[in-house]
Structures are given as structure tokens and as C-alpha cells.
Amino acid sequence: MLDENEDAITLYSIVQNQWIMGPGGPVDINHLAVWEAIDRHPVGDAMDTFKKILTLSRWMLKRINEKRED
């Protein structure tokens, strides 16, 4: 893990179950929950950390959807 990703990974671990659910399963991570975590655990660059968390959540959603299709 790169040091530049440490904040995003730490905060993602806090909000990783905060999915917005659709009829077929999770469709996105709750952005309000992500921002709440960022506000409660201040980071150097909040917007960059937010974007990294969204990238992690998209990766996880892809994995979830692939498993569901099998």
C-alpha cells in the first residue's frame, strides 16, 4: 500500500458497507457517509481522498456484480 492511499483505504474500511441498494443489489456507495467519515477523520486533501474512496467502491461493486452473474 502506498502512503498516499492510506487515508482512502482507512476511511473506505469504515464506510465499506454503506451501499445504496437497488432492486438487484448495491448500485453505489453512500456519498454522505463517505463525507461524514472524511469530516470525522480529517485528511490532507479531502476531495482527493473522496475520489479514491469512490474508485475503491466502484472496484468493489464490479467484483460484487461479477460474483452475482456467476
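The values are calculated or read from the model by the stated rules, or taken from the named source; none is laboratory data. Keep in mind it's a predicted model, so treat the numbers as computed, not measured. Heads up, the Cβs are rebuilt from the backbone with ideal geometry, glycines too, and the neighbour counts pull from every protein chain shown.
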For residues that are exposed (fewer than 15 other Cβ atoms within 10 Å of the Cβ), within 9 Å of the chain's Cα centre (by Cα) and assigned to a helix (DSSP H, G or I), tally how many sit in the range 6-20. 2
Quickly run through the range 21-54 and pick out the residues that are under 22 Å from Arg68 (Cα atoms), surrounded by 12 or more Cβ atoms within 10 Å (Cβ to Cβ) and among the aliphatic types (A, V, I, L, M). Val27, Ile29, Leu54
Suppose we filter the range 11-40 for residues that are farther than 11 Å from Ser57 by Cα and either modelled with pLDDT of 95 or more or in contact with a Phe, Trp or Tyr (Cβ under 6 Å, 6 or more places away or on another chain) (or both); how many remain? 12
